[in-house]
Structures are given as C-alpha cells and as structure tokens.
Amino acid sequence: MKKQFIAGNWKMNLTLDEAGDLARKLYVELDNSSAVDIGVFPAFVFLRDICDIFHGNKVYVGAQNMYLEKSGAFTGEVSGGMLRDVGCTHVIIGHSERRTIFLETNSVINSKIKAALSCGLKPIVCVGEKQEERDADKTYEVVGDQLSEGLAGLTSEEAGELTIAYEPVWAIGTGKTATPEQANEVHTFIRNTIKSKYDVDTAQSIRIQYGGSVNSKNADELLGQPEIDGALVGGASLESGSFLDIVSAAGRLS
Ligand code: PEP
C-alpha cells in the first residue's frame, strides 16, 4: 500500500489569524511520524505565514492555483516561481471551481501543470465529472479527456511527480459523497488510463486522491478502498479536529 496523502484545500476562507491558529493547532497535534503525507492549501496571501509556521516540517504547503507564465504583465496573477519563493512545494491545478467559475480548459490546465513542474512544484491535478455527465454515462469520457488533454506532452518521469485528485463535481461541498465503490471504480479507470498512456510503474506509483465531502465519518471507508491513496478535503479541513480525524483514518491504513 502506498503512503496516503491527505490535503486540505482551504479555498477562499479564514482570516489571517484564523489560518495561523489552524496551522499552529495542526503543527502541535501532528506527531513527527511520516506515516501519512499531509498538505494544506491556504489562500495566496497567507502562504508565507503558513510556510513559516510549518517551517518545512510535518506538513507540505501549497497554493490553490498559479499562472502559466513565469513573469510579466499579467495583473493579478501569481507565478510558480513566486510560490516556490515563499516556500510552497505543491500546487492544486484544475480544481473544478477553476474549471467552472474561471473557465479553465484542459489546455490551460496542461500549460499550468508544465509551468509548475518546470519550477519544481508538485501539482495535484483535479479531474471529475458533473452530475449531468454522470447521469448521461459520460464519466469515463469526461475524465479520460481531462487526463489525455491535461497531461498531454508529459513524460512518464513528469507524470510521476503528479498526484491526481478524482473529485466528482456533484460531491464537492454538497455533503453528497460518492460511494466507496463508485469512487474506487473511477480511480481504477484513472490508473488504467495512466498505465496505457505511460507504463505500469508510473500507474502504480502515482497517488490518486478522492475529493468530495470527505469527513471524519466517511474517511475510513473511502480511504480503505484499494485504489484510493488519500483525500483532497475542502470543508472538513477548515477545522483541526475533523482534518486530524481524516489524517488518523489514513494513518490506520499505513
Ligand atoms: C474540494 O474543494 O476540493 C472539496 C473536495 O471540497 P469538500 O470536501 O468541501 O467537498
């Protein structure tokens, strides 16, 4: 079994004080065991402070997005190099909120993944179908396209740097979770897609997280599925107790 990776996407939530308190609680509560990989993804403006709190220990810190260019006249955007500069190691790319609200296409996501890798950031690449796509039996088509277009041109070495997060859009922030079986089926499809695009080793080593209303009650069952290697957690990552419960559930599987 691979080491599980539990990541907390704080989205556009918390004040600076609240974000600092949450990070300090996690720092105090987490032991030094490396049984589970843990990451938090605060808003851009808090990244430096949160990196300082963890000072490279126990928890990876990453951004929720980045721009695809290195620098220049792109008002309001943040580059991968800037994220590295403040201490980030990871970045979420292609979250469904970026795809639907900010109209990011698979091609933009592909460029962002390449830009992240080129400056040494490890991307968590989000894929997942909308409710109407699942209802129309298009889950594999949609997720297959997101993978083939999103990962276009990446070598197997580069693909090996990625974490994929399967996040059915209908399960994000809705309290409606995919059943462990539904999630495991799509994870199996993703792993097989990586295998046919690259090779068995890349497919076996890449971690595939599940995301969509993961909480302390359903974490054991979801994380216990053979193809689920961790979770990308939204709402339940904003409170230290529920996030730590999910981390503990992952730890029990190690
Ligand atoms: C997310 O935003 O990536 C997410 C999975 O959110 P939630 O856990 O709140 O559904």
Quick check on segment 157-173. Is at least one of its residues open to solvent by 10 Å² or more (accessible area, probe 1.4 Å) and farther than 30 Å from N218 by Cα? yes
Can you name the residue in segment 216-233 that is in a loop (DSSP other than H, G, I, E, B) and open to solvent by less than 20 Å² (accessible area, probe 1.4 Å) and, of all such residues, is nearest to the ligand (Cβ to nearest atom)? I228
Please specify each residue of segment 191-222 satisfying the condition of being touching a residue at least 24 places away in the same chain (Cβ under 8 Å) and basic (K, R). R191, K197, R207
Selection status of T177, within 16 Å of the ligand (Cβ to nearest atom), of a type in the set (S, T, Y) and surrounded by 18 or more Cβ atoms within 10 Å (Cβ to Cβ): yes
Tabulated pairs, segment 238-254, first loosely packed, with under 15 Cβ neighbours inside 10 Å, second not small (G, A, S), C-beta under 7 angstrom, 6+ apart or interchain: S254/K3; S254/Q4; S254/V36
For K11, which of the numbered conditions (1) open to solvent by less than 60 Å² (accessible area, probe 1.4 Å); (2) modelled with pLDDT under 95; (3) basic (K, R) fails to hold? (2)
Going through I113, I124, I101 one at a time, which residue ends up being touching a residue at least 24 places away in the same chain (Cβ under 8 Å), within 16 Å of the ligand (Cβ to nearest atom) and among the hydrophobic types (A, V, I, L, M, F, W, C)? I124
Take the residues in segment 16-64 that are over 19 Å from A236 (Cβ atoms) and of a type in the set (S, T, N, Q), then tell me which one is modelled with the highest pLDDT. N57
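The values are calculated or read from the model by the stated rules, or taken from the named source; none is laboratory data. Nothing here was measured: the structure is a model prediction, and the numbers come from that model. Using ideal geometry, Cβ is built from the backbone for each residue, glycine included, and neighbour counts are taken over all protein chains shown. Just the protein is used for accessible areas: all its heavy atoms, side chains included, with ligands, DNA and RNA removed. Shrake-Rupley method; radii C 1.70, N 1.55, O 1.52, S 1.80 Å.
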